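The structure appears below as structure tokens.
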Amino acid sequence: MSGFRDAFSSSYAEARQKFLAAAADAGLAVEAKPHPLPGLHGEALAMDVARDGHPDASRLLILSSACHGVEGYCGSGVQVAALRDAAWRARAAEAGVAVLYIHALNPYGFSHIRRTTQENVDLNRNFHDFSAPLPVNADYRELQPLLVPRNWPPDEDNVRAIADYIARRGEKAYQSAVTRGQYEFPDGLFYGGRAPTWSNRAVREVLGAHGRRAGRIAWIDFHTGLGPSGVGERIYAGRDDAQASARAKQWWGGDGQTPVTSIYDGSSTSAFLTGLMWTSIYEECPQAEYTGMALEYGTVPVLDTLQALRAEQWLNAHADAPAPLAQGIRAQVMRAFYTDTDRWREQIVAQARESLFQAVDGLRA
Ligand SMILES: [Zn+2]
């Protein structure tokens with residue numbers, strides 16, 4: 001992945017064009033799932049899927065980007081760099097591992113510089129059985145009136161009230177209350193929805209079409225916005241199952257590696273979450289032995305990330321916001337989820353590449 005610098009993009013349209021070109025140069029066909037809405041600049045949106053390897057391969061590695069829309073500026077760059085990496089492609093092929101690139105799980109958020117889907121849904125809280133009772137987040141309910149105030153920037157009372165909350169309960173409790181997911185306020189933050197979103201249905205179709213012939217499946221889903229700048233936290237992404245989490249720890253957190261963290265034992269910078277996207281693999285590909293992780297790259301301090309999301313939520317409810325304010329908020333959201341430096345991009349690609357090779361070794365073993 002030596003040509004990492006220009007693998008990344010500054011708009012969804014540019015990222016899509018680079019992905020399609022890299023797939024074409026690799027001799028791969030791309031299957032597009034067209035999105036019903038246009039992008040921020042009127043461009044067409046789609047979830048694009050390229051498979052590198054035999055259709056009946058028994059080992060499958062899934063690499064996906066933009067579960068959280070704007071986080072796709074990072075994940076897309078990794079995917080493009082991987083498609084251009086002949087040594088990587090040769091290694092997967094010789095191990096009999098087919099690689100499935102899912103570009104822009106949530107193309108709407110990617111283009112509109114939002115973390116959520118067009119339904120204002122956090123896709124990674126949207127995988128529930130909606131006929132059953134949904135989780136209740138009472139801590140969020142208490143914070144909701146403060147989080148998205150009538151005016152932005154927030155007034156002094158609002159700033160003080162949020163600061164008081166953090167002083168009393170702690171930063172971790174604030175993060176958990178806000179980010180855990182909530183199903184009560186459709187216009188709020190980290191809303192999980194009341195039905196499967198477009199992206200949820202589309203990714204299930206992709207998994208069903210590509211995953212049912214594989215005996216072993218690995219999945220790396222690329223995220224940003226939590227943890228120290230440029231550091232990729234390897235967060236186990238699967239059921240609370242001792243065997244599967246031990247496998248993930250062995251593959252990606254072995255000798256000399258940063259340990260694989262977990263939302264089940266409090267070792268992750270992420271709060272405990274439900275409705276996660278990986279639950280779909282058990283439902284769509286029940287025959288497979290599944291091993292997965294989220295690779296979560298740090299950008300800015302978590303309170304800055306949450307502040308950017310509050311601003312963006314306000315903007316989303318105020319289409320008549322003055323253009324300079326809207327542009328400022330979108331720039332703030334970009335900075336929270338993507339660091340526009342070669343140093344950061346180099347760190348991202350190096351850690352991703354290592355985890356890709358480790359996944360192939362794990363699948364082959
Ligand atoms: Zn994310």
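One quarter of the convex hull surface built on the alpha carbon atoms of the stretch 284-365 amounts to 8.5 nm², the projected area averaged over directions.
Over the chain, dividing the summed -39,500 (n - 2.57) contributions of all DSSP H runs of at least 4 residues by the number of residues returns a 222 nm mean residue ellipticity of -13500 deg cm²/dmol. Against the criterion of solvent-accessible heavy-atom surface with a 1.4 angstrom probe, 33, 172, 249 sort, most first, into 172, 249, 33. Less than 5 angstrom separates the built amide H of residue 224 from those of 297, all sequence-distant by 5 or more or on a different chain.
For residue 239, the accessible surface of its heavy atoms amounts to roughly 130 Å² (probe 1.4 Å, protein chains only, rounded to the nearest 10).
Note that the chain presents 40 Å² accessible area per residue, ligands and nucleic acids not counted, probe 1.4 Å. Remark: the stretch 286-293, residue by residue, has Karplus-estimated 3J(HN,Hα) of x, 6, 8, 7, 10, 9, x, 8 Hz, where x stands for each Gly or Pro and the curve is 6.51 cos²θ - 1.76 cosθ + 1.60 at θ = phi - 60°.
The spacing between the stretch 258-335 and the stretch 48-78, judged by their C-alpha centroids, is 17 Å. The accessible-area ordering, largest first, of the residues 131, 245 stands as 131, 245, per a 1.4 angstrom probe. Projected area of the stretch 216-331, taken from the Cα convex hull and averaged over every viewing direction, in nm²? For the Cα atoms of the stretch 216-331, the hull's average projected area reads 9.0 nm². Considering only protein heavy atoms and a 1.4 Å probe, what is the carbon-and-sulfur percentage of the accessible area of the chain? Reported share for carbon and sulfur atoms: 53 percent.
Quick one: net charge around residue 7, please, counting Lys, Arg +1 and Asp, Glu -1 for every other residue with C-beta under 10 Å from its C-beta. That sum, taken over residues with Cβ under 10 Å, equals +2. Less than 5 angstrom separates the built amide H of residue 127 from those of 276, all sequence-distant by 5 or more or on a different chain. Just so you know, the averaged projected area of the alpha carbon convex hull for the stretch 261-300 sits at 3.7 nm².
Its residue count N fixes a reference of 2.2 N^0.38 Å for the chain, and the Cα radius of gyration divided by that reference is 0.94. Taking every DSSP beta bridge that has both ends in the chain, the antiparallel portion is near 40%. Database remark: amide H of residue 185 closer than 5 angstrom to no amide H (H placed geometrically; neighbours at sequence offset of 5 or more, or on other chains; Pro and chain starts carry no H).
Excluding same-chain neighbours fewer than eight residues apart, the aspartates and glutamates reachable from residue 33 by a Cα-Cα span under 16 Å are 43, 48, 205.
The equivalent ellipsoid that matches the C-alpha gyration tensor of the stretch 115-223 spans semi-axes of 34, 15, 13 angstrom, in descending order.
Overall dimensions of the stretch 13-147, expressed as equivalent-ellipsoid semi-axes from the Cα gyration tensor (√(5λ), whole Å, largest first), are 32, 19, 13.
Semi-axes of the equivalent ellipsoid for the stretch 1-73, computed as √(5λ) from the eigenvalues of its C-alpha gyration tensor and ordered from largest down, come to 22, 16, 12 Å. Beyond 18 Å, the tail of the calculated P(r) for the stretch 152-275 holds 69 percent of the Cα pairs.
The values are calculated or read from the model by the stated rules, or taken from the named source; none is laboratory data. Keep in mind that this is a model prediction, so the values were computed, not measured. Ideal geometry is used to build each Cβ from the backbone, glycine not excepted, and the neighbour counts take in all protein chains shown. Just the protein is used for accessible areas: all its heavy atoms, side chains included, with ligands, DNA and RNA removed. Shrake-Rupley method; radii C 1.70, N 1.55, O 1.52, S 1.80 Å.
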